[in-house]
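Reading through the structure tokens given below for one structure.
The values are calculated or read from the model by the stated rules, or taken from the named source; none is laboratory data. As the structure is a prediction and not an experimental result, all values here were calculated from the model. As a convention, Cβ positions derive from the backbone with ideal geometry for all residues, glycine included, and neighbour counts pool all protein chains shown. These accessible areas exclude ligands, DNA and RNA; they are computed on the full protein's heavy atoms, side chains included. Shrake-Rupley method; radii C 1.70, N 1.55, O 1.52, S 1.80 Å.
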Amino acid sequence: MSKVAVNGLIVAPSETESLVDDNVNLRAELSVRYDFSRLIGNSNAMRAVYEQIAQVACSNTTVLVTGESGTGKELVAHALHINSARSAGAFVKVNCAALPEDLIESELFGHERGAFTDAHQQRLGRFELANGGTLFLDEIGELSQPAQAKLLRVLQTREFERVGGTETLRTDIRLIAATNRDLEKEMEAGRFRSDLYYRLNIFPISLPSLRERKEDIPLMLDHFLARLNQERGGKARRLSPLAFDSMLGYDWPGNVRELQNVIERAFVMAESDVVHHYHLPQSQPQIVLSPAETAAAEGFDLFQAVDAYEKDLICHALRTTRGNRNQAAKLMRVSERALAYKVRKHGIDHLEFRNE
């Protein structure tokens, strides 16, 4: 069956009609009351997430969003906010993993002038800034035990004091928390307070990994490529059938975030209006087909097939030596100068392999 391009994405005509129509219909059904415009997918797993958002968005109930890194937990939190009665208020985000231990209390609750060194003026904390709106605590499983205790007190009483202050302040916030950790296992290991967990886990929403909803990948590829075409201008780029099939066959351990990064990189790497499989990162070998599969799929002649095989061997050597070209040259029994020439010829970035 021949394939056609839809907003730059190559899919079979029957797949195009089914995927696009289903997604349009689903969004039409939900758009009357709910805005999920930043969430992409019409799989059964995502439909369940949409239903849960619709159920709890209009209440002030605390929500705990769980899922692997890169699945879109912040997008769910944002959807809960903009579909709530607090949508006119602030949506304040806090990455708990990025807060130094000695600054967590100040960041969350604020501080008075002179409360500690470098506290030259009063500062409002995130609980004050989110008053009347929504406070999103991302990666809450990274909080230390002392920080967990302080947070629990505020959630119970909705009262707090700024660091160095004596005035008791009240806050009116809707709390949404998120984590990629299994908090029940963290409780069993004594790393997460059970009383805080039960305070947070009033309405849980679990996001599926991308490998659990691969039927949504074509829609995501279509969305990201169309957006890049609109933002970057110039020639509108589309995926070749081989690049499309390669990406569908990958498990995406980094989930939606990894998919978005890969398609943006490939978009930049493409010299023409077609994003080919060889524009996909060589540091993620599962995405890229073997040289023999590539030659068969692309209809390479002998010289092209040899080049593809040579490039694959060089990438394997660089992957083995973590991007060290000197060691890779020794492994391949060639001079470093000869390897450097081949690396330039095939457009290989050896730095990509350093962190594997």
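Of all residues in segment 315-331, count the ones that are modelled with pLDDT of 85 or more and over 30 Å from the mean Cα position of the chain (by Cα).
Matching residues across segment 315-331 total 6.
Could you check S290 against (1) surrounded by fewer than 20 Cβ atoms within 10 Å (Cβ to Cβ); (2) at pLDDT 85 or above; (3) among the polar types (S, T, N, Q) and say which number it fails?
(2)
I need a count of the residues in segment 91-114 that are farther than 18 Å from L155 by Cα and hydrophobic (A, V, I, L, M, F, W, C).
4
Limited to segment 55-76, what total is found for residues that are hydrophobic (A, V, I, L, M, F, W, C) and open to solvent by 20 Å² or more (accessible area, probe 1.4 Å)?
So the count comes out to 2.
Could you say whether any residue in segment 240-247 is open to solvent by less than 10 Å² (accessible area, probe 1.4 Å), of a type in the set (A, V, I, L, M) and at pLDDT below 95?
Checked segment 240-247: at least one residue is open to solvent by less than 10 Å² (accessible area, probe 1.4 Å), of a type in the set (A, V, I, L, M) and at pLDDT below 95.
Out of (1) assigned to a helix (DSSP H, G or I); (2) modelled with pLDDT of 90 or more; (3) surrounded by 17 or more Cβ atoms within 10 Å (Cβ to Cβ), the odd one out for D195 is which?
Only one criterion in (1) assigned to a helix (DSSP H, G or I); (2) modelled with pLDDT of 90 or more; (3) surrounded by 17 or more Cβ atoms within 10 Å (Cβ to Cβ) is unmet by D195, namely (3).
Considering only segment 157-192, how many residues are under 18 Å from L108 (Cα atoms), touching a residue at least 24 places away in the same chain (Cβ under 8 Å), open to solvent by 20 Å² or more (accessible area, probe 1.4 Å) and touching an Asp or Glu at 6+ places or on another chain (Cβ under 9 Å)?
Of the residues in that region, 6 qualify.
What are the residues in segment 162-182 that are over 17 Å from N95 (Cβ atoms), outside any loop (DSSP other than H, G, I, E, B) and touching a helix residue (DSSP H, G or I) at 6+ places or on another chain (Cβ under 8 Å), if any?
Within segment 162-182, V163, L169, R174 meet the criteria.
What residue, among those in segment 198-213 that are touching a strand residue (DSSP E or B) at 6+ places or on another chain (Cβ under 7 Å) and buried (at least 19 other Cβ atoms within 10 Å of the Cβ), is nearest to R113 (Cα to Cα)?
Here the residue is L200.
Just for segment 81-138: of the residues that are among the charged types (D, E, K, R), out of contact with any strand residue (DSSP E or B) (no Cβ under 6 Å at 6 or more places or on another chain) and assigned to a loop (DSSP other than H, G, I, E, B), which one is most open to solvent (accessible area, probe 1.4 Å)?
R113
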